[in-house]
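**Q** If you scroll down you'll find the structure; I have some questions about it.
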Amino acid sequence: MREKSPRAPPERAAGHDVPVLRVAFDATPLVGQATGIGVFVRGAVSELAGRDDLALRAYAMTWRGRGDLAERLPAVVGRVRLPMVAAPLLRAWAHVDEPVIEWWTGPLDVVHGTNFVVPPARAAEVVSVYDLTALRFPEMCQPATLRYPALIRRAIRRGAWIHTLTEAMAEEITALLGAARERVGVVAPGVDAVATRAKRDGRPYVLAIGRAEPRKDLPLLVRAFDSVAAEHPDLDLVLAGPPGWGEEALEAAVMGAHHRDRIRRVGWVSERKKAELLGGAAVFAYPSLYEGFGIPPLEAMAAGVAVVTTGAGGLPEAVGDAAMIVPVGDQDALAVAIARLSEDRGERERLVAAGRERVAGFSWSRCADGLEALYRAAAESRRSPTGRR
């Protein structure tokens, strides 16, 4: 049976002139180990849930772990209890616009697919598209990810609106997926404060956080570190993040490093452990080949760590002038940047100050404002005579 909404949405929110929107969103990214998408969904939903003019309901396209959602969602958010199994639903939605999400949720005004897929709906549809790796770099994707472009294009033909995090991605989505620019909303995430729990009084280290997948280009970081390690004998490299489909290349790079005894892999880390690692880091490195936004560099800035990253995708837009930016795939430039930040205390302090100022501009309140505006535009468009589906 469908779970009853924790509150029946009135026609108007108390004390407001705007109607209450009934919004269902995909909470699947909250299940399991947190990813960048999970961080976005958690932060956005926590802020949206406190708004009287929105009535939220969560669905999860997974059988395993769906029981964990209760403790990961604000109490006012309703939950769909009928099972939604991803594999058969994605196969069906690739060809037909059935079953609609209302079969599980009941009547809605908006459905927000937070992870590249939005179910067909009688309501307005919004789908979050964080990057176009599946189109730009299909060789770096797992098979499941390669299904996304076709599903997004089908949603666009139904009249779905697109949410993305940077103007750079909005341009790519318009050019490569054929979305109308006026239906692509750019809403950046907030950045959480990082309560560091360690002082930088031990051996200095370069820190990277991310899954071992080809797009993150961690083998390049290993080689860049190895090339400067001899001249910086007190500097280590710490790699945090779970194994992935780039594990073999990363392990080969580590085993081939002359200074592999100074490279530590610590695997997936909790939020507490991540804060400890950031608190002790001298430099944060993010050598991604392609990125729609890049939350980890901004988390490092929030923790007071100098950042070096690449000019990939939406990264320059996210970090602004608060990071040292090197060309994508340039091992020598990355090595020079690491060496400079390790040696030049003044430059580190300049970037730390700029980073703290930069992250102050990314709030979850502002993110929620943008998402709500996007929801209302999509809902109004669906109600208009020219709205599709």
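The values are calculated or read from the model by the stated rules, or taken from the named source; none is laboratory data. Nothing here was measured: the structure is a model prediction, and the numbers come from that model. Cβ atoms come from the backbone with ideal geometry, glycine included; neighbour counts cover every protein chain shown. The protein model used for the area step is the full one, side chains on, heavy atoms only, and it has no ligands, DNA or RNA in it. Shrake-Rupley method; radii C 1.70, N 1.55, O 1.52, S 1.80 Å.
**Q** Stretched out fully, how many nm does the piece from residue 276 to residue 349 gain, at 0.36 nm a residue minus the Cα gap?
**A** 24.3 nm
**Q** Highest mean first, how do 354-362, 69-77 rank when packing is the count of other Cβ atoms within 10 Å averaged over residues?
**A** Listed from highest to lowest mean packing, they are 354-362, 69-77.
**Q** Kindly report the accessible area of the stretch 82-196 per residue (heavy atoms of protein chains, probe 1.4 Å, no ligands, DNA or RNA), in Å².
**A** Solvent-accessible surface per residue comes out at 39 Å².
**Q** Ok, one more. Whenever you get a sec, line up 116, 137 from highest to lowest accessible area (probe 1.4 Å, protein heavy atoms).
**A** 137, 116
**Q** How big is the shadow of the Cα convex hull of the stretch 145-270, averaged over all directions, in nm²?
**A** Mean projected area for the stretch 145-270: 10.6 nm², to one decimal.
**Q** For the chain, what is Rg from Cα atoms divided by 2.2 N^0.38 Å, rounded to two decimals?
**A** Relative to the 2.2 N^0.38 Å estimate, the chain comes out at 1.03.
**Q** Here is a follow-up. Could you work out how far the C-alpha centroid of the stretch 239-257 sits from that of the stretch 322-389, in angstrom?
**A** First find each Cα centre; the distance between them is then 27 Å.
**Q** Let me know the volume per residue of the alpha-carbon convex hull for the stretch 235-321, in Å³.
**A** Measuring per residue, one finds 111 Å³ for the Cα hull of the stretch 235-321.
**Q** Magnitude of the Cβ-charge dipole of the stretch 44-144, K/R +1 and D/E -1, about the Cα centre, nearest 20 debye?
**A** Computed charge dipole of the stretch 44-144: roughly 340 debye.
**Q** Still on this structure, I have one more. Going by amide H atoms built from the backbone, whose H comes under 5 Å of the H on residue 79, apart from near neighbours?
**A** HN-HN under 5 Å from residue 79: 58.
**Q** Roughly speaking, to the nearest percent, how much of the stretch 94-246's 1.4 Å accessible area is carbon and sulfur?
**A** 54
**Q** In the stretch 255-389, carbon and sulfur make up what percent of the accessible area (probe 1.4 Å)?
**A** Answer for the stretch 255-389 is 51 percent, counting heavy atoms of protein chains only.
**Q** I'd like to compare 300-312, 178-190: which one has the highest average count of other Cβ atoms within 10 Å, and what's the full order after that?
**A** Per-residue mean Cβ counts within 10 Å order the peptides as 300-312, 178-190.
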